[in-house]
Structures are given as C-alpha cells and as structure tokens.
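Beneath this line is the structure, given in structure tokens, with notes to follow.
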Amino acid sequence: MFRSGAKRCLNCDTVLTGPICEGCDLTPAAASLVLRRRLILRTGLFLLGSMAFVAATYRFPPLEIDGMLVFCGVVFFFGLGLAVWVERGALRGNQISIRKRLFMTLVPVPWLLAGLLVLNAKLDIGPVREYRTRVVGKFSMAAMVPTRRLVVVSWREGHRFEHVPVSGQEYSRFEVGQRVVVEIHPGVGIPWVAGVFASMPGANAGSAGDP
C-alpha cells in the first residue's frame, strides 16, 4: 500500500528517502526525464493501436460499428488527455503514480479491440446470411477517416433501422428507396458486414423477407 503523503520516484514509484532513489539510482530530475521518454513511447503505441482498430473496422466492419467507434473514441481522447496530464505532472514533480498506472492500463485497449475484430472474422466458420431490405437514408461525413453509411430497414427484432457501413463505391451506387441485399457474416459473436448488393427482382435472399 502507498503511504499517504510519501514522495515517490517518478520512474519506479519507490518511496524517496534521499536525493537519489534507492530503487533505480536516479535523481528526481533524471527520473522525470526517463518517465517522459517512456511516456512518449507508450503514447506512440497507443496511437498506433487506435489506427489499427480503425483499419480493422474498415476491413471487417462490424454491424454495430458506430457503437464501437464511439467507445474507442472515448478511450482515445481520455487516454491522450491522461498522457498530457501525466507529462505535465512529471514536469512539475507532482506525484503521478495513479495517473501513470491508469494510462499504462489504457495503452493496450485499442490493440485488444483491433485484435478482437480480426479474430472475430478469421475464426468465423458460419455461413454468410443474406438479408433483403430497402435503403431509407444515407449519410456521409468527410474527415481524416471518411464515414459512409446506408440506413436500411432492419431485419433484426427490436431494431427499426440498421446503419450499414459501406465503401465509397457502394455509397454512390445505391439511392434512397432502392432494394438491396446485405451480406452478413455471423462472426464469433460479432456480426460483420461482407457487402451490399442490388436486390434482383424475385430473389429470395435470407430470412428477413422484403420490408
């Protein structure tokens, strides 16, 4: 347990009893420098993990992609804010043990989410399901990572609409009111979108029926 009010080394969290840490033989100034260098590396890993997660959502887009992106966005901005708070605290020589541990806990989260999506797709052995539905809306958001969605009538019980992630080509191809077929892989607990195709007249796609 940490003793309340005890000053600790910024590098190894050992209680300081003199000008040099007994745990890592660093002065407070040197420990602050080591911590900040390590923080830069961890922040870089955190950013790369966030990019890997976004790439995974493009390669294997989950049906509930918007909820996952919101969650990862909250983790991303909270993590960056926490990293800045740790760095500022290290410059001032404040006690930052709890903040540092919390940030280190967040670093692998984007990597775990990216790995989850990849494994969910790679271990998927279930049959592809096709659902015939109708486009009732579409939206696109231009950003560093463009977002394109087709809003279709849902085939799932308890859901009115589905926001289906699509490529730029698919987004341009389909219009509101057009009937489409959405191909869904079951995944290993996380359904993901394989593609969207024009519905052929008289086709019997999936079990959702024709809305």
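Overview of values
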read-out	value
Of residues in the range 139-161 being of a type in the set (Val, Ile, Thr) and closer than 17 Å to Glu183 by Cα, the one surrounded by the most Cβ atoms within 10 Å (Cβ to Cβ)	Val152
Count of the range 175-195 residues which are crowded, with 21+ Cβ neighbours inside 10 Å, farther than 21 Å from Leu116 by Cβ and either in contact with a Leu (Cβ under 8 Å, 6 or more places away or on another chain) or of a type in the set (S, T, N, Q) (or both)	1
Matching residues, the range 29-47, being surrounded by 13 or more Cβ atoms within 10 Å (Cβ to Cβ) and without any contact (Cβ under 8 Å) to a residue 40 or more places away in the chain	Ala30, Ala31, Leu33, Val34, Arg38, Leu47
Filtered residue count, the range 110-152, keeping only those that are among the aliphatic types (A, V, I, L, M) and within 18 Å of Arg173 (Cβ to Cβ)	5
Filtered residues of the range 117-138 (kept if assigned to a strand (DSSP E or B) and surrounded by fewer than 18 Cβ atoms within 10 Å (Cβ to Cβ))	Arg129, Arg134, Val136, Gly137
Which listed residue, of Val118, Val135, Val84, is more than 30 Å from Ala198 (Cα to Cα) and out of contact with any Pro (no Cβ under 8 Å at 6 or more places or on another chain)	Val84
Test result for Phe2, at pLDDT below 80, farther than 30 Å from Val182 by Cβ and aromatic (Phe, Trp, Tyr)	yes
Any pair with Cβ under 8 angstrom, 6 or more apart, that starts in the range 88-115 at a residue that is modelled with pLDDT under 90 and ends at one that is of a type in the set (Asp, Glu) and surrounded by 15 or more Cβ atoms within 10 Å (Cβ to Cβ)	Ser97/Asp13
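Yes/no per residue for (1) in the same structural domain as Glu64 (by TED's automatic domain parsing); (2) part of a helix (DSSP H, G or I); (3) among the charged types (D, E, K, R); (4) at pLDDT below 90:
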residue: Met144; (1), (2), (3), (4): no, no, no, yes
residue: Arg148; (1), (2), (3), (4): no, no, yes, no
residue: Val151; (1), (2), (3), (4): no, no, no, no
residue: Trp155; (1), (2), (3), (4): no, no, no, no
residue: Val164; (1), (2), (3), (4): no, no, no, no
residue: Val182; (1), (2), (3), (4): no, no, no, no
residue: Ala194; (1), (2), (3), (4): no, no, no, no
residue: Ser207; (1), (2), (3), (4): no, no, no, yes
residue: Asp210; (1), (2), (3), (4): no, no, yes, yes
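The values are calculated or read from the model by the stated rules, or taken from the named source; none is laboratory data. Small disclaimer: the values here were computed from a predicted structure and weren't measured. Glycine gets a Cβ as well: all are built from the backbone with ideal geometry, and neighbour counts include every protein chain shown.
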